[in-house]
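See structure below.
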Amino acid sequence: MRRFIIALTIMLAACGDSSTPTGPSNPGQPQGQTRSIAGRITDLLTGAGVQGARVAIGSAAAVTTGGDGSWRADVPPPSTDRILTTITAAGFQPRETYVAWTNNDRQNVAIDVLPDRPPFSLAFYRELVRDGLESPSRLEPVRRWTANPHIYLRTLNPKTGQPLAPAETAALLQNVRDAVSQLTGGLLSVGTVESGVAARPERVGTINIDIKYEPGDDYCGITFVGANPGSVSFNYERCTTPCAGNPLGPELIAHEIGHALGFWHVSSGVMQAEDFVNCPTVNFTDSERLHGSIAYRRPSGNLDIDRDPQSVSALAAPGGSPAIRCRRSRSH
Ligand SMILES: [Zn+2]
């Protein structure tokens, strides 16, 4: 009798209307019903099922995946429509994500996890994606584009007062296209491209590229990391010497576009802060491409090690996008 009274009290509080109690009769679940939710845990790099992973979803008892990575849990009604789900597995990075609560049972919830083995390197991923090299005590969230970035290139060369030569413009834009494709694993490519000598105000969805000429200053480029609208500035001729005489060398273009796509400085590769790997080409290392493409398979706002934000609707990571100033001034 006492148990019944407690249950009835909960029902009344939940429904807010004592005349129409509509909850189910199960006294432990006054709102909604337990649902069967099932899915599969896979290795992000290989796509193979992960056996023996522990899946804890909402307030359900944790379950363990079978040989093909499949799992199923009976999940009590949650308090929100996105259910915190935690995956731990030997040999993999822990993962936190959210599974949508719907009106029906679910059968094909796909969740991938990052392996704790080469070619994945958590140390390198933290450098490239979380600013772990230059700011290891303040790891950043994933900041990434969710749609193909449009480009506006302001072609005015402030050194000459004239537009860039057509060949310079064409090469620069090709380098931008290559960089976007390489670092996102082909997930994104450059959207529409416009150019003109006039400055253009920022627009959501577009990366504005400007050419500066500040020979007395020490930077080669300044970019807002992962910002949308995006902004990249090149200091014309500042990196000419290490780029074989090219005032807008391909690797410099790639490096700044890497920042615009949400990436930070690394210890080795095109995104390294000093020195060039091979300035005449856009050629991100295999490790840069792999770890960049992984970040592009996570929502913006994903936190170290691999924790998704509860809301996936956020367009940008919280906290604004910081500018990064690239000196890259040493030459070989
Ligand atoms: Zn840089």
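Values in this text are rule-based calculations from the coordinates and carry no lab data. For clarity, every value in this text was computed on a predicted model and none was experimentally measured. FYI the Cβ positions are ideal-geometry reconstructions off the backbone, even for glycines, and counts take in every protein chain you see.
In table form, for the structure just shown:
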quantity: Amide H contacts of VAL270 (H built 1.01 Å from N, under 5 Å, at least 5 apart or other chain); calculated: THR285
quantity: The chain: relative contact order in percent, alpha carbon pairs under 8 Å with at least 6 residues between; calculated: 16
quantity: Burial ordering of VAL113, VAL63, fewest other beta-carbon atoms within 10 Å first; calculated: VAL63, VAL113
quantity: Neighbour-count order for SER79, SER59, fewest beta carbons within 10 angstrom listed first; calculated: SER79, SER59
quantity: Residues listed by number, the stretch 203-230, amide nitrogen under 11 Å from GLU194 label point at 7 Å toward C-beta; calculated: 203-204, 206
quantity: ARG238, ARG177 arranged by Cβ crowding within 10 Å, fewest neighbours leading; calculated: ARG177, ARG238
quantity: Of the DSSP H helices in the chain, those whose Cα atoms cover at least 18 Å axially and whose Kyte score averages -0.5 or more; calculated: 2-15, 166-183
quantity: By average C-beta atoms within 10 angstrom, highest first, the peptides 36-43, 209-216, 116-123; calculated: 36-43, 209-216, 116-123
quantity: GLN107-SER70 pseudo-label distance in nm [points 7 Å out on the Cα-to-Cβ vector]; calculated: 1.0
quantity: Distance between modelled label sites at ASP304 and ASN278, nm, 7 Å Cα→Cβ extension; calculated: 3.2
